[in-house]
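The values are calculated or read from the model by the stated rules, or taken from the named source; none is laboratory data. Everything numeric in this text was worked out from a predicted model, so none of it was measured. Virtual Cβ from ideal backbone geometry, glycine too; neighbours counted across all protein chains shown.
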Amino acid sequence: MKRTKRSAVLALSAAAALLLTSCGFSGGNDSGGSAESEGAQTTLEMLVPTYSTGTKALWEGVIDDFETEHPNIKVNLEVQSWENIENVLKTKLQGNQAPDIYNGGAFAEFAAEDLLAPASDVASAETLADFQTAFADAEKYQDTQYGLPLIASARALFYNKDLMEEAGVKNVPTTWDQLHDASKAISDKTKADGYGMPLGSEEAQGESLIWFAGNGGNFGDAQKIAVNTPANLEAAEFMKKMIDDGVTQNDPGATQRTPMLNTFIQGKLGFAYALPQTVGQIKKENPDLNYGIAAVATKTGSPATLGVADRLMSFKNDGSKSAAVKEFFDYFFSADVYTDWVSTEGFLPTTKSGSEKLAGDETLKPFLDLLPNAVFYPTTNPAWNATDGAFKSLMGEIATGKSAQEVLDAIQAKADAAK
Amino acid sequence: MSSPVPVKAPAGRKLRRSTDTQSFISSLPWIGPALLLILAIVVFPAGYMIYNSTRKISSVGTDLHSAGLANFSTIFADPALPRILANTFFWVVSVVLITVVISLALAQFLSKPFPGRTIVRMAVIVPWAASVVMTTTVFYYGLDPNYGIFNHFFVQIGFMDEGFGWTKNAIPAMAVSVVVAIFVSIPFTTYTLLAGLQAVPGDTLEAARMDGAGRWKTYLFVVLPQLRSALAVAVLINIINVFNNLPILKVMTGSIPGNSADTLMTYIFKVLQFDRRLDLSSALSVVNFAIVLVIVAIYVKTVKPMQEV
């Protein structure tokens, strides 16, 4: 009898202790206990998004090799989808569990709140000097570099040659009007849709900037987000014309990019703007697809495209891990490791040594050619994240009855409210 | 509340107090963990949510300063709110109403003995056993305009010329979400009502028959009143569940731009995900919380579900 009583008390106190520890706000150093006993081991928390289905394995390979070289550093990898990663990060920030290494799009708002370690604290001078100047400059907030440019990418027009032939379209469109007419021909004369316009929450901001850039527009700069400018409005109105004339797929306002590109890969779409990785995807999933890659169609035909650069950054937390982060970044950006990573993912390199190594790559060539005319997101503006969110949730409304002016004004209002 | 719960007579209270305290202390080890759990996962988060709703929080998540009730005036001034509340109302009423009507019929059917009843009863549980997100995702892909099986079927039988984006437009997306919500709510509701039905004493039915009541009259005036407490539980829990449902709507209507298909719950999620306004979404959650409390209060007050028949 006594024994059962004691074990009951034990079980209860154990349960209570469990509750207390698991529900409290822990301070982000829960790896402390076990790390001490194994000598001076540092554990780095790393949070990255998936660029492709191979991303996780690719990082795991890098981390394994790194850990063999640096037995005193352990890297915990967490991989999230692009749709979720910013929510995950936000939850971690609120719980004081900011990742030591983070791969993301925007960084300025974190820098503005002094959450990030300056790049010079987490990478050696040689590593920093190896980045191409244009990319390194885009990583600065108030003259201090915070991000390490990880990848660059540009969009190009993918066209289905078979569908063009079936619809009697001779030339690859280079202007908006040609793209409109070619898409209309394909929509009318074949069973496929003409142009794939993904304005759903996955990447409405990307599709929008491709069109805006085609009219000399952009989303503003580090100081001011400018969405409802005349140039952007004209572009948005042309997008709406494409939709209203029925030359796009159905329900463009609710279409995500990935499934839209899948229909292109299956040969059921005439035109779509896609990325370097799409080439690899087509090779794998439908190698028989008869397609070509051309420059983005713009209003006048002058070259312009959307460029994307993503970056690695380090949240400084209490600052005790910056030496270990530095080891990792220096290792990762060494020419061999980095070029292997970038070319496997199908992106364009941001380092000088990487560009030299990949200069002869045929798949990357059309995109490398477009890069000089690329327009980038204003990621150095702290209001960019809110603008990005507003595009994702609102831009599709040009397909559900609202006017281009109304939609751009609403996005601008959300951007202004984020200051 | 003025519910006629019998109150213990105060006589002998003094005498009993010491034993009351004693029994409370001795029961503490037993109810303690549950109390702790409630404090930690119900009371604390709710309090923290209310606190957050009065703060100005940066889009990164840093608590900047007090905002008073500014967050509430912002959300009430939001032009999207009336549509969202109307959607929420339509969503809750249609799902709960249809679920209860179908479940009443189903429970009646399942309480009658027939060969294979056990198997049918098991089959009714299946939607309950499967994960809601999984069930919804199956429907979502089935309704995809390009490769969805439902669309494929409708095109094949000549009902439609080409696939329709059921989940891409506000009204059809809401309608199919209602269907999915009913599908996953039926098992719980049916089983609650079935349990209620089996508690109806056979002699009351016999008495009704003796008095010459027909089938409908027996059901309406004898069975239904005795189902009152089971119905009350089913309706109340369904209202709260459906009102707070995120997974179904998030999957089914998540890709629709703007707020034309949002309920309060998905709107809170969007404010958090796209606008990154933790303070505003906390304020919305407080409103959400208040609405649920009001619904429950009105329901308890008017239907008096706890009153014995």
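Numbers at a glance
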{"item": "Members of segment A:336-366 that are under 18 Å from A:GLY147 (Cα atoms) and aliphatic (A, V, I, L, M)", "result": "A:VAL342, A:LEU348"}
{"item": "Helices (runs of 4 or more DSSP H) within segment B:191-309 that include 3 or more residues in contact with a Leu (Cβ under 8 Å, 6 or more places away or on another chain) and away from chain A (no Cβ under 14 Å)", "result": "B:228-243, B:278-303"}
{"item": "Residue ID - nearest to A:ILE225 (Cα to Cα), chosen from residues in segment A:359-382 that are among the aliphatic types (A, V, I, L, M) and modelled with pLDDT under 80", "result": "A:LEU371"}
{"item": "Members of segment A:359-378 that are out of contact with any strand residue (DSSP E or B) (no Cβ under 8 Å at 6 or more places or on another chain) and either part of a helix (DSSP H, G or I) or crowded, with 24+ Cβ neighbours inside 10 Å (or both)", "result": "A:LYS365, A:ASP369, A:PRO372"}
{"item": "Filter result for A:ASN228 (under 24 Å from A:ALA383 (Cβ atoms), modelled with pLDDT of 90 or more and either surrounded by fewer than 20 Cβ atoms within 10 Å (Cβ to Cβ) or of a type outside the set (A, V, I, L, M, F, W, C) (or both))", "result": "yes"}
{"item": "Leading residue by the ranking (nearest to B:LEU220 (Cα to Cα)) among those in segment B:112-122 that are over 25 Å from the mean Cα position of the chain (by Cα) and not aliphatic (A, V, I, L, M)", "result": "B:LYS112"}
{"item": "Selection count, segment A:379-398, where residues are in contact with a strand residue (DSSP E or B) (Cβ under 8 Å, 6 or more places away or on another chain), among the hydrophobic types (A, V, I, L, M, F, W, C) and either in a helix (DSSP H, G or I) or under 17 Å from A:PRO198 (Cα atoms) (or both)", "result": "1"}
{"item": "Those residues of segment A:242-277 which are at the interface with another protein chain (Cβ under 9 Å from one of its Cβ atoms), closer than 16 Å to A:LYS184 by Cβ and either surrounded by fewer than 24 Cβ atoms within 10 Å (Cβ to Cβ) or free of Cβ contacts under 8 Å to residues at least 12 places away in the same chain (or both), in sequence order", "result": "A:ASN250"}
{"item": "Selection within segment A:74-108 - away from chain B (no Cβ under 14 Å), within 23 Å of A:ALA323 (Cβ to Cβ) and of a type in the set (A, V, I, L, M)", "result": "A:VAL75, A:LEU77, A:ILE101"}
{"item": "Some residue of segment A:218-241 being of a type in the set (Lys, Arg) and either within 14 Å of another protein chain (Cβ to nearest Cβ) or in a helix (DSSP H, G or I) (or both)", "result": "yes"}
{"item": "Boolean, A:ALA386 is under 25 Å from A:GLY147 (Cβ atoms) and either at the interface with another protein chain (Cβ under 7 Å from one of its Cβ atoms) or surrounded by 24 or more Cβ atoms within 10 Å (Cβ to Cβ) (or both)", "result": "yes"}
{"item": "A:ALA111 vs. criteria within 14 Å of another protein chain (Cβ to nearest Cβ), among the aliphatic types (A, V, I, L, M), outside any helix (DSSP H, G or I) and buried (at least 19 other Cβ atoms within 10 Å of the Cβ)", "result": "no"}
{"item": "Identity of the residue in segment A:181-217, part of a helix (DSSP H, G or I) and in contact with a helix residue (DSSP H, G or I) (Cβ under 6 Å, 6 or more places away or on another chain), that ends up farthest from A:ASP416 (Cα to Cα)", "result": "A:LYS189"}
{"item": "Single match in B:ILE41, B:ILE57 (criterion: in contact with a strand residue (DSSP E or B) (Cβ under 6 Å, 6 or more places away or on another chain) and within 10 Å of chain A (Cβ to nearest Cβ))", "result": "B:ILE57"}
{"item": "Considering residues of segment B:142-179 that are at the interface with another protein chain (Cβ under 10 Å from one of its Cβ atoms) and not in a loop (DSSP other than H, G, I, E, B) only, the residue farthest from B:LEU110 (Cα to Cα)", "result": "B:ALA170"}
{"item": "Complete set of residues in segment A:400-416 that are within 24 Å of the chain's Cα centre (by Cα) and either within 10 Å of chain B (Cβ to nearest Cβ) or not in a helix (DSSP H, G or I) (or both)", "result": "A:VAL407, A:ALA410, A:LYS414"}
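So that you can scan it fast, the table gives a plain yes or no per residue for (1) in a loop (DSSP other than H, G, I, E, B); (2) surrounded by 19 or more Cβ atoms within 10 Å (Cβ to Cβ); (3) among the aromatic types (Phe, Trp, Tyr):
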{"residue": "A:ASP65", "(1), (2), (3)": "no, no, no"}
{"residue": "A:THR68", "(1), (2), (3)": "no, no, no"}
{"residue": "A:PRO71", "(1), (2), (3)": "yes, no, no"}
{"residue": "A:LYS74", "(1), (2), (3)": "no, no, no"}
{"residue": "A:GLU78", "(1), (2), (3)": "no, no, no"}
{"residue": "A:ILE85", "(1), (2), (3)": "no, yes, no"}
{"residue": "A:THR91", "(1), (2), (3)": "no, no, no"}
{"residue": "A:ALA98", "(1), (2), (3)": "yes, yes, no"}
{"residue": "A:ASN103", "(1), (2), (3)": "no, yes, no"}
